[in-house]
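The structure under discussion appears below in the form of structure tokens.
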Amino acid sequence: MKLHVFNPEHDMALAYNNRNFTAPHAGRTLRKDLGFLPALWADNGDFVLVDDIESALESVRHIKKYTNDVVFVTPGDLHNISLESVGLQVIDAWGWDSAIKDQLLAANPDLSTMLPTESQLDTIRTLSNRKFAAENILPALVDSDSYFIGEAYYCKSMEDVMKILIKYGAIVLKAPWSCSGRGVRYVCNRLDDHTFGWCRNIILRQGAIMAEPYYNKVKDFGMEFSIDSKSCVSYKGLSLFRTDNGAYSGSILATEKDKREMLTKYVSDGILDNLASAVTKLTSTYLSGRYVGAFGLDMMIIRTKDGQLKIHPCVEINMRRTMGHVALAISPSEIEPQGVMRITYSGKYKLRISRTDNNIINNNLI
């Protein structure tokens, strides 16, 4: 039996790297309102940690057809639970960091045997640094196929940043650790005073900043994977999603076949197969003995200056579960309608799942 934990503040916790990290109000609210999400992929009888059981039950009531029969528990419940009597053996967190480990230990010290060691947490943090993907995964993928393109640079000083800006003119700056939509700035030709100060502060706090050319994006997409304790990497499926100002706003719910059809407007099936295979081989090597669990790569189709369509195969790698994994957990069968999954906010974060009788391939739902 597993205990599932949704901790969406994980990326911020990695950036701060402090076991006493407290997420900003928005992060705490997101976790409180959507803590029930693991019910979408947990097995019957599993535990899901939430702040408020009644609120979780009410949220699940609206999407009952997609959830399994889980048991919601609070940190207070964990404190009083006999782990042996309930048969709890595994903890599955959205993402592992020192803050969530400390919170679980505070709830029940007996959970310690199911939690990652400090060494394992350090490794996960290293793998989650954008430097890891930029220096290992991205170059190897680009070298594997002429259809793939992409560069990223780990800049330890403002002088390094200026060199990249002079070289490319238009660039994207990213904090080494940051959550989706945050820690990213777009720069064209010059750094204004505000961006210069932001960039310098990121270097001071995180030791460097990532800089990459600005690409003419045509389509966002991703590929989702998992790796087990035997270092076997499994491809889980495509993720077709939308971002607004860099932040996740929704995912398409469709079969793998239909999602491929959407992408083959731009690239061939063979290219997608090659990409999934290359990622599987690379990550089985780089993550072997270092990570176990869900992970995903964000990618994009771009148009080059000469008009060609190519794939940026690793905009970033997320060493955690992703919203793409969530979408895969509620993907329709071949006889069910397609749909869209969104996270909305109007005083409270809500998961919205809308189905359509129209084929998403031919419209602009997302």
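The values are calculated or read from the model by the stated rules, or taken from the named source; none is laboratory data. Just so we're clear, the structure is a prediction, and the values are computed from it rather than from any experiment. Reconstructed Cβ throughout: ideal geometry from the backbone, glycine too, with neighbour counts over all protein chains shown. Side chains are part of the model used for accessible areas, which takes the heavy atoms of the whole protein and leaves out ligands, DNA and RNA. Shrake-Rupley method; radii C 1.70, N 1.55, O 1.52, S 1.80 Å.
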- Which listed residue is basic (Lys, Arg), in contact with a helix residue (DSSP H, G or I) (Cβ under 8 Å, 6 or more places away or on another chain) and open to solvent by 10 Å² or more (accessible area, probe 1.4 Å), from Lys219, Lys257: Lys219
- In segment 264-277, how many residues are touching an Asp or Glu at 6+ places or on another chain (Cβ under 9 Å) and open to solvent by less than 20 Å² (accessible area, probe 1.4 Å)? 1
- Message: Going through Leu138, Leu104 one at a time, which residue ends up being touching a residue at least 40 places away in the same chain (Cβ under 8 Å), closer than 28 Å to Lys348 by Cβ and in a helix (DSSP H, G or I)?
- Response: Leu104
- Message: Against the condition open to solvent by less than 30 Å² (accessible area, probe 1.4 Å), under 17 Å from the mean Cα position of the chain (by Cα) and either under 30 Å from Ser251 (Cα atoms) or not acidic (Asp, Glu) (or both), how does Glu224 come out, does it pass?
- Response: yes
- Out of (1) open to solvent by 50 Å² or more (accessible area, probe 1.4 Å); (2) in contact with a strand residue (DSSP E or B) (Cβ under 8 Å, 6 or more places away or on another chain), the one Asn17 does not meet is (2)
- Message: It is to be established whether one or more residues within segment 155-173 are touching a Lys or Arg at 6+ places or on another chain (Cβ under 9 Å) and in contact (Cβ under 8 Å) with a residue 60 or more places away in the chain.
- Response: no
- Message: Step by step: first the residues of segment 83-107, then only those that are open to solvent by 60 Å² or more (accessible area, probe 1.4 Å) and over 24 Å from the mean Cα position of the chain (by Cα), then the one that is nearest to Gly324 (Cα to Cα). Which residue is that?
- Response: Gln89
- Task: Please list, ordered by first then second residue, the pairs with beta carbon atoms under 6 Å, 6 or more apart or interchain, first in segment 74-93 and in contact (Cβ under 8 Å) with a residue 24 or more places away in the chain, second among the acidic types (Asp, Glu).
- Result: Leu83/Asp110
- Scanning segment 20-50 residue by residue, the ones that are surrounded by fewer than 16 Cβ atoms within 10 Å (Cβ to Cβ) and of a type in the set (Asp, Glu) total 1
- Message: Which of the numbered conditions does Lys174 fail, given that it passes all the others? Conditions: (1) at pLDDT below 95; (2) closer than 30 Å to Ser284 by Cα; (3) of a type in the set (D, E, K, R).
- Response: (1)
- How many residues of segment 309-356 are in a strand (DSSP E or B) and either within 30 Å of Val172 (Cβ to Cβ) or open to solvent by less than 30 Å² (accessible area, probe 1.4 Å) (or both)? The answer is 20
- Item | Residue count, segment 178-198 (criterion: free of Cβ contacts under 8 Å to residues at least 60 places away in the same chain and assigned to a loop (DSSP other than H, G, I, E, B)) | 4
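Name the single residue, out of those in segment 147-202 being of a type in the set (Phe, Trp, Tyr) and surrounded by 13 or more Cβ atoms within 10 Å (Cβ to Cβ), that is farthest from Gly95 (Cα to Cα). Talk me through it step by step, then tell me what you get.
In the first step, residues of segment 147-202 are kept if they are of a type in the set (Phe, Trp, Tyr); the result is 147-148, 153-154, 168, 177, 186, 196, 198.
After this cut, where a residue has to be surrounded by 13 or more Cβ atoms within 10 Å (Cβ to Cβ) as well, the list is 147-148, 153-154, 168, 177, 196, 198.
Values: Tyr147: 32, Phe148: 29, Tyr153: 25, Tyr154: 24, Tyr168: 34, Trp177: 13, Phe196: 31, Trp198: 27 Å.
Filtering first and then ranking leaves Tyr168.
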- Message: It is to be established whether one or more residues within segment 254-262 are touching a residue at least 12 places away in the same chain (Cβ under 8 Å) and farther than 21 Å from Gln338 by Cα.
- Response: no
